[in-house]
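Step one of this worksheet: look at the structure below.
The values are calculated or read from the model by the stated rules, or taken from the named source; none is laboratory data. Just so we're clear, the structure is a prediction, and the values are computed from it rather than from any experiment. Don't worry about glycine lacking a Cβ; one is built from the backbone with ideal geometry, like all the others, and counts go over all protein chains shown. The accessibility values were calculated without ligands, DNA or RNA, using every heavy atom of the protein model including side chains. Shrake-Rupley method; radii C 1.70, N 1.55, O 1.52, S 1.80 Å.
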Amino acid sequence: MSFPTTRLRRLRQNARLREMLRETALRVDDFIYPLFVVCGRDKKIPVPSMPGVFQFSVDTLKDEIRHVCELGIRAVLLFGIPEHKDAVGSASCDDNGIVQLAVQVIKSIAPELVVITDVCLCQYTDHGHCGVVTRQGKIDNDPTLELLAIQALSHARAGCDMVAPSDMMDGRVGAIRSAFDSAGFADLPIMSYAAKYCSGMYGPFRDAADSAPAFGDRRTYQMDFCNSREALREVELDIQEGADIIMVKPALAYLDIIKSVKDTFGCPTAAYSVSGEYAMVKAAGAQGWIKEEAVMMEILTAIKRAGADLIITYFAKDAAKLLHS
Ligand code: PBG
Ligand code: ZN
């Protein structure tokens, strides 16, 4: 079948028709807004490499939460920055820890807001790796699982609505699932960072979360960006272990992965548009080299078009404002 070339163009001439025929439309409901919580009081510390992003203490967090709710954002993803770090990330399992406290505070002022907690060790370990480390300096997968399960349970007791393990240890979804099931949290879902690549785009986040590895890198547990079939195997394993939502991370350079994961499994799929993606747009926008808002909407729409049902993005507030205007 051959189309006259004018036929597609014809539908683009009328602005109203163009809008009506859009295949993909962003909604505020698509967004999950990441938040960084620090110990102490009266803190709202800007993250230099992420303009518009702050580290909040639990008291200042309240105003931010009210603002997030006013914008119609439905869900937040919490990262905690503890006061004390050690080899095994003990502070992450403390029922009075920073994330646990933040969950309780948020739930007390905004019970409807979906509170998702990041489950990992890297912000809590003195070496900055996502798992415990052997004497030889290797990441020790299996002993880490138990710690992650304890941490996740502590978040559950604090009242979170979902946990999001980001560590990339093998078997952690299964470990958290069975811990939940046997402790009365059978209904608490898990969003797993299933296909998480070892990316150069996490730099600003590591400033924000104070979680840069003290030695080496994360190549032995995060995925090689040269691979796509491996992502399907990672996702399949996490689904088998009980993941309810699976995530691809980063988003922008991995749209092909988002699409093949969604097409292959059809599961609820989230994409994490990471700190570096945000920083690049903000920096080029501030220089006047690109139109920040237009590029932001284009990128977020592309992530949804690729198959993401949910988008974790530092642009959530900016995009919500735009969608409401
Ligand atoms: C690690 C973790 C990372 C991010 C969130 N949790 C990546 C990493 O440091 O390896 C990155 C998020 C971002 O860049 O926005 N558990
Ligand atoms: Zn980590």
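What to note about this one:
- Meets criteria (basic (K, R) and over 23 Å from I176 (Cα atoms)) for R229: yes
- Looking across the range 261-282 at every residue that is open to solvent by less than 40 Å² (accessible area, probe 1.4 Å) and more than 16 Å from ligand 1 (Cβ to nearest atom), the one that is nearest to I116 (Cα to Cα) is identified as T269.
- Remark: pairs (first residue in the range 224-241, open to solvent by 60 Å² or more (accessible area, probe 1.4 Å); second residue of a type in the set (S, T, N, Q); Cβ separation under 7 Å; 6+ apart in sequence or on different chains) = F225/S199.
- Screening I176 against (1) β-branched (V, I, T); (2) open to solvent by less than 20 Å² (accessible area, probe 1.4 Å); (3) modelled with pLDDT under 95 leaves a single unmet condition, (3).
- Pairs, first closer than 24 Å to P34 by Cβ in the range 166-190, second within 15 Å of ligand 1 (Cβ to nearest atom) and basic (K, R), C-beta under 6 Å, six or more apart: M168/K196
- Verdict on Y278 being within 16 Å of ligand 2 (Cβ to nearest atom) and either within 30 Å of A149 (Cα to Cα) or assigned to a helix (DSSP H, G or I) (or both): no
- Residue under evaluation I290, criteria (1) within 20 Å of G200 (Cα to Cα); (2) away from ligand 1 (no atom under 16 Å from the Cβ), criterion not met: (1)
- Those helices (runs of 4 or more DSSP H) lying entirely in the range 165-252 with at least 1 residues within 9 Å of ligand 1 (Cβ to nearest atom): 203-209
- K196 basic (K, R) and crowded, with 23+ Cβ neighbours inside 10 Å: yes
- Among (1) over 21 Å from G80 (Cα atoms); (2) modelled with pLDDT of 95 or more; (3) touching a Gly at 6+ places or on another chain (Cβ under 9 Å), the one test that A195 misses: (3)
- For the range 118-140, a residue qualifies if it is closer than 30 Å to G159 by Cβ and either open to solvent by 30 Å² or more (accessible area, probe 1.4 Å) or away from ligand 2 (no atom under 13 Å from the Cβ) (or both), and exactly one does: D126.
- Among the residues making up the range 40-59, those that are without any contact (Cβ under 8 Å) to a residue 60 or more places away in the chain, in contact with an Asp or Glu (Cβ under 7 Å, 6 or more places away or on another chain) and open to solvent by less than 30 Å² (accessible area, probe 1.4 Å) are F56, S57.
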